[in-house]
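Note sheet for the following structure.
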Amino acid sequence: QCQLSGLWRNDQGSLMEISVLRDNGDFQGQYLTRVTLSGGCAQISPLKGAQQQLGEEGWPTFAFTVHWDKFSNATTAFVGQCFVDSGGEEMLTTMWLLREAVGSLEEDWKATR
């Protein structure tokens with residue numbers, strides 16, 4: 001079975017560390033992004049989420065948010081599932097939505113990626 005806690009690297013070179021995984025599935029950690037909206041240096045930002053609690057069988061699903069601390073006015077929500085491939089390597093597959101703050105309701109159309 002896949003274990004969500006630990007250090008993860010994505011194909012863009014960003015790092016995610018899940019350091020606290022509670023018995024109820026709640027977790028927290030840090031995200032170090034290599035991709036920034038502002039083009040600035042990578043920053044460590046806090047993340048919080050929850051993992052679906054499963055028995056011995058199956059691949060857990062999870063969701064978490066990242067508050068881009070100190071360098072962006074955006075928040076990103078990720079949802080995904082944890083798998084183990086045929087070589088025994090753990091892998092997370094995710095989809096994300098990023099929401100930037102905009103100045104008016106008329107600009108809402110361009111706020112989510």
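The values are calculated or read from the model by the stated rules, or taken from the named source; none is laboratory data. None of these values were measured; they are calculated from a predicted model. A quick note on method: Cβ atoms are made from the backbone with ideal geometry, for glycine too, and the neighbour counts reach across all protein chains shown. Protein only, heavy atoms only, side chains kept; ligands, DNA and RNA dropped before computing areas. Shrake-Rupley method; radii C 1.70, N 1.55, O 1.52, S 1.80 Å.
Explain nothing, just compute: Karplus ³J(HN,Hα) = 6.51 cos²θ - 1.76 cosθ + 1.60, θ = phi - 60°, for every residue of the range 95-110 in order, whole Hz, x for Gly and Pro.
Calculated HN-Hα couplings, in order: 10, 9, 10, 10, 10, 9, 6, 10, x, 7, 4, 5, 8, 4, 4, 9 Hz.
Which of (1) 45, 29, 23; (2) 70, 19, 19; (3) 48, 28, 25 is the computed Cα extents along the principal axes in Å for the structure on display?
Among (1) 45, 29, 23; (2) 70, 19, 19; (3) 48, 28, 25, the one derived from this structure is (3).
Quick check for me: using +1 on Lys/Arg Cβ and -1 on Asp/Glu Cβ, what's the dipole size of the range 66-113 about its Cα centre, in debye to the nearest 20?
140 debye
Taking amide H positions as placed 1.01 Å from N in the peptide plane, with prolines and chain starts having none, which residues 5 or more places from Leu47, or on another chain, fall under 5 Å of its amide H?
The answer is Gly29, Gln30, Tyr31.
At what distance in nm do the modelled label points of Glu17 and Gln81 sit from each other, each positioned 7 Å from its Cα along Cα→Cβ?
Label at Glu17, label at Gln81, 3.0 nm between them.
Might you tell me the accessible area per residue for the chain, computed with a 1.4 Å probe and given in Å²?
65 Å²
Once the whole set of protein chains is in place, how much accessible area is left on Ser5, using a 1.4 Å probe, in Å² to the nearest 10?
60 Å²
With only Lys, Arg, Asp and Glu charged, each at its Cβ (+1 for the first two, -1 for the last two), find how big the charge dipole of the chain is about the Cα centre; round to the nearest 20 debye.
Value, rounded to 20: 400 debye.
Could you derive backbone 3J(HN,Hα) for the range 3-15 from the dihedral phi with the Karplus parameters 6.51, -1.76 and 1.60 (θ = phi - 60°), listing whole Hz in sequence and x where the residue is Gly or Pro?
So the Karplus estimates, Gly and Pro as x, are 10, 6, 5, x, 9, 10, 10, 9, 6, 9, x, 6, 10 Hz.
Residue-wise, which Karplus ³J(HN,Hα) couplings in Hz belong to the range 84-94, taking 6.51 cos²θ - 1.76 cosθ + 1.60, θ = phi - 60°, and x for glycine or proline?
So the J values, rounded to whole Hz, are 10, 7, 5, x, x, 7, 6, 9, 9, 10, 9.
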